[in-house]
Amino acid sequence: MYMICCSAFVQIYLICKTMWLILFLFLILCPDSICNPSPACDLQIVSAYEDYEYVQDGDIIIGGVFTVNCLMGGYKIREKPNLTAMFCLKPLHHYYKKLQMFLFAIDQINKNPTILPNVTLGYHLYDSCSDPRKAIKSVLQILSGPGKTIPNYSCRDHQKLAGFLGDQSLTTTLPMAQILSIYNHVQVVYGAMGDRLERAIFPSIYSSVNEYFMIYHYISELIRHFGWTWVGIISSVDESGERASLLLLRILSEFKICVAFIAYQRISVLKPEWHVVESLYRAIKKTSVKVIILCGTYHDLIFESSLRRLFRDITLILPPNWASSIALIGKYPEILNCSLSLNFWSEADKNFKNFVDGFHPMIRPKDKLLENLWMTTLFCSSGNKEKDTLYENIHYISLHNCTGQEHLPDVGDYSSDRTTDPVYRAMEFLVNGLQVLYSSQNYSSPKGQIDDEEKYRHKFNRHLKKISHANVRTTKRNEDLVKQFGVQNHVFVNGSLFSRHVGIFLSDELGYWKLAFNSTLIQWKNKKNQVPKAQCSKSCSPGYRKVPGLSIQPCCYSCVMCAYGEMSNVTDSENCMRCPDHEWPNENRTRCISKQSEFLSFTDDTLSLVFIVVSLLCFGKTLLVLVIFILHQDTPVVKANNKSLSFVLLVSIMLGFLCVFFFLGRPVDVTCLLRQVSFGILFTKAVSSVLAKTIMVCIAFKATKPNSMWRKWIGIKLPTCIVLACSNVQIIICVSWLSISPPFQELDKHSYQEKIIIQCNEGSVIGFYSVLGYMGILAAVSFIIAFFARTLPDSFNEAKYITFSMLVFCSVWIAMIPAYLSTKGKYTVAVEIFAILISNNGLLYCIFLTKCFIILCRPELNTKGYLHSKGNI
């Protein structure tokens, strides 16, 4: 709605302005003697010191307004002291080159009989001097024809005015468009671009350069290709520059490229604005930018000596309207060294250089622009003393007579790819329209019967619209001839600036852009010839992520390492990723690796090796004790302690040491089933044997009394029944456990994030603790009975050793339970193995150590007589 209102307002403004202009023309013009008016019917237009007019007759005339001089000043006319004439200052070679390109295009077209058969192109050109007053004056002069300027009338004979070319900037292009739109004259712009040149407001205006939207998308794509995210923008101080910079800022943000600053610069050559220079210098130093994009309307004043120091280590990016003038900036080659630019891509044409080689003030004395270039560039005298004095005073130069051997290509780079120049492309556009127009039946020859001027302009404009729409590529506003762009690298070698193609943007039939690039050809501004780092912050390496910094710019950030359990494998990652359950980040957190498996390995774990050695040693000791008892089974010491129970206990202890191996190695379902069951049954067998020995001690003491009924219980049957009964209960518990919820292998991925614990899940916790609980009950009963039997006579003092053995056994397993519950992984298994080894050794040492000592070291005590006399056993 806002845009519609603005457009309506502009149209109303133009209508009012047009009506005022028509009224003004009717008031000042007389109907008689139109082409030779009387002084009373003259239009007073501000005169110019030099008009810089270029005229050539032809069947079809093309008007042109070009900017060659970049400044306008006032000049007091000596004959008329009250009047001030416009004085154009500072002609520039690259602008003059555009004018020559127009003349070259006309020459080439006229020489080719197949383009416009039987038709000769003429032209009528002026220099606008980058001033809207001069541009309006030039348009009115071209519309009126050669001679006196008569607005709203044409004094041409049979020639048709096909259209206009111009101009370089919106400052002059917009006033031209306002006048030409009244007459529906075609205007092809070769330099200026902007939203104010919309087709809805000016229906007969066209552009031979790509719209900003496409250009800055290409530039943004180029910047992203090099990984640059921190750039600066320097724009011209005009409406075109302001709109271009804002559009560029928006497009760069879409590509996630941050702009450090936008500087609008126009440094006056006559009065340098030092505060502007210093502010730009501080902005560049403060933001540490390494890449700057130039946009807006091109002028070389920004490169004056006061700004050269700013760009020593800065890579400049130039859009086409700047790049088309890059050759002439041999004036500032050190600044543009190693810069990159976008330009229209095509093959080179050397005819243009040959064309301008013959341009010399002595050969073309009427070309005042050429004469002024000779004066300001080569300091050659013009032969006009008044003019020489004027130029010496204005430009602070000293003129002298030149040899006449100078050539235009010597003072400016006039080598060009003609088909890449927007002026040449504008001429191609106009000629294409003329070809379509004159190929129709009504326009077989411009010298024959012709329609009225208004109808002619209307049809010509209609044909140009068809050609323009046929070239629309990817945006609705891209109504020009551009289809592909080239990337150029400009290198300063031996005092000259050379350009070479390093890449090209191609647009296919679907409108997709493709960048074909050879970065090895690029020369950069550093000793190692590396791509400059254009970033606000250093890149976050893999393993780190970006976090917002203090700046509002998203490109300015800090880097923090990924959180525990997360990783990032790309540079400048915004988020870290969690690894799958079976993987874990490496030490640098740059990739996921398989989690380390944890279990008590037979080969790779020192703790397992210790348990194996200890278990085998204990097994050997127990086997040795068993062998000793077997060899001395008929001795009083062995007999007095019930040798059958001693053998069962020793075998149970020995197998208990071996069951440790079920707890070692990678757990599988079979070992998970066997480890707890074998441990529970074997320890129950051992504790049952100890319980039977304790009971038999008590019965033996009671059986010593006369006529004791306990005598019948002395023998092998009772202890055997006790051992079998107690063991069967444990077997029933184990079978029930295995039947209902047996142990199984489990991969614990959550207890430790960096490793996977391969362990046995006990299945039924009730079953597991029932096994331990039942074994504890037996041990407690044995301990209680042995404790009360400890005061029996010395002949039966084995109860003392059983008491100590059960005390050790119960203490170990009571302490094992909290330790077992508080550890994870292989250390849980290690706690259980440790409890098995300690409790087994407690039984072995407390019950059998003293007996082995007597058997081996004190055989004199191992006699029946000593046993009855001293009661040592």
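The values are calculated or read from the model by the stated rules, or taken from the named source; none is laboratory data. None of the values given here were measured: they were computed from a predicted structure. A quick note on method: Cβ atoms are made from the backbone with ideal geometry, for glycine too, and the neighbour counts reach across all protein chains shown. Ligands, DNA and RNA are stripped out before the accessible areas are found, and what is left, the full protein with its side chains, is counted by its heavy atoms. Shrake-Rupley method; radii C 1.70, N 1.55, O 1.52, S 1.80 Å.
Summary table below
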read-out	value
Residues of the stretch 754-781 that turn out to be part of a helix (DSSP H, G or I) and touching a residue at least 60 places away in the same chain (Cβ under 8 Å), as a count	8
Residue under evaluation LEU399, criteria (1) modelled with pLDDT of 85 or more; (2) within 48 Å of the chain's Cα centre (by Cα), criterion not met	(2)
The stretch 338-377: number of residues that are surrounded by 15 or more Cβ atoms within 10 Å (Cβ to Cβ), at pLDDT below 85 and not in a helix (DSSP H, G or I)	9
Test result for PHE647, crowded, with 18+ Cβ neighbours inside 10 Å, touching a Phe, Trp or Tyr at 6+ places or on another chain (Cβ under 9 Å) and either touching a residue at least 24 places away in the same chain (Cβ under 8 Å) or under 28 Å from GLY773 (Cβ atoms) (or both)	no
Identity of the residue in the stretch 710-762, farther than 30 Å from CYS579 by Cα and of a type in the set (Lys, Arg), that ends up modelled with the highest pLDDT	LYS717
Residue in the stretch 89-97 that is open to solvent by 10 Å² or more (accessible area, probe 1.4 Å), touching a residue at least 40 places away in the same chain (Cβ under 8 Å), basic (Lys, Arg) and on the phi > 0 side of the Ramachandran plot present	yes
Which numbered condition THR606 fails, given (1) over 30 Å from MET696 (Cβ atoms); (2) touching a Phe, Trp or Tyr at 6+ places or on another chain (Cβ under 8 Å)	(2)
Only listed residue being modelled with pLDDT under 80, open to solvent by 70 Å² or more (accessible area, probe 1.4 Å) and not in a loop (DSSP other than H, G, I, E, B), chosen from TYR281, TYR264	TYR264
Only listed residue being at pLDDT 85 or above and either in contact with a Lys or Arg (Cβ under 9 Å, 6 or more places away or on another chain) or hydrophobic (A, V, I, L, M, F, W, C) (or both), chosen from ALA692, ALA686	ALA686
Of all residues in the stretch 525-545 being surrounded by 12 or more Cβ atoms within 10 Å (Cβ to Cβ) and farther than 30 Å from GLU574 by Cα, the one that is modelled with the highest pLDDT	LYS525
The stretch 529-549: number of residues that are of a type in the set (Val, Ile, Thr) and not in a loop (DSSP other than H, G, I, E, B)	1
Residues that are open to solvent by less than 50 Å² (accessible area, probe 1.4 Å) and of a type in the set (Phe, Trp, Tyr), drawn from the stretch 548-567	TYR557
Residue that is modelled with the highest pLDDT [pool: residues in the stretch 49-85 that are among the aliphatic types (A, V, I, L, M) and open to solvent by 10 Å² or more (accessible area, probe 1.4 Å)]	VAL55
Failed criterion for TRP584 (all others in (1) over 25 Å from PHE662 (Cβ atoms); (2) in a loop (DSSP other than H, G, I, E, B); (3) not polar (S, T, N, Q) hold)	(2)
Matching residues, the stretch 673-694, being more than 20 Å from ILE732 (Cβ to Cβ) and either under 60 Å from the mean Cα position of the chain (by Cα) or among the β-branched types (Val, Ile, Thr) (or both)	VAL690, THR694
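Table: residues versus (1) closer than 16 Å to LEU849 by Cα; (2) outside any loop (DSSP other than H, G, I, E, B); (3) of a type in the set (Ser, Thr, Tyr).
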| residue | (1), (2), (3) |
| --- | --- |
| LEU600 | no, no, no |
| LEU607 | no, yes, no |
| GLY620 | yes, yes, no |
| LEU623 | yes, yes, no |
| VAL627 | yes, yes, no |
| VAL660 | no, yes, no |
| ARG675 | no, yes, no |
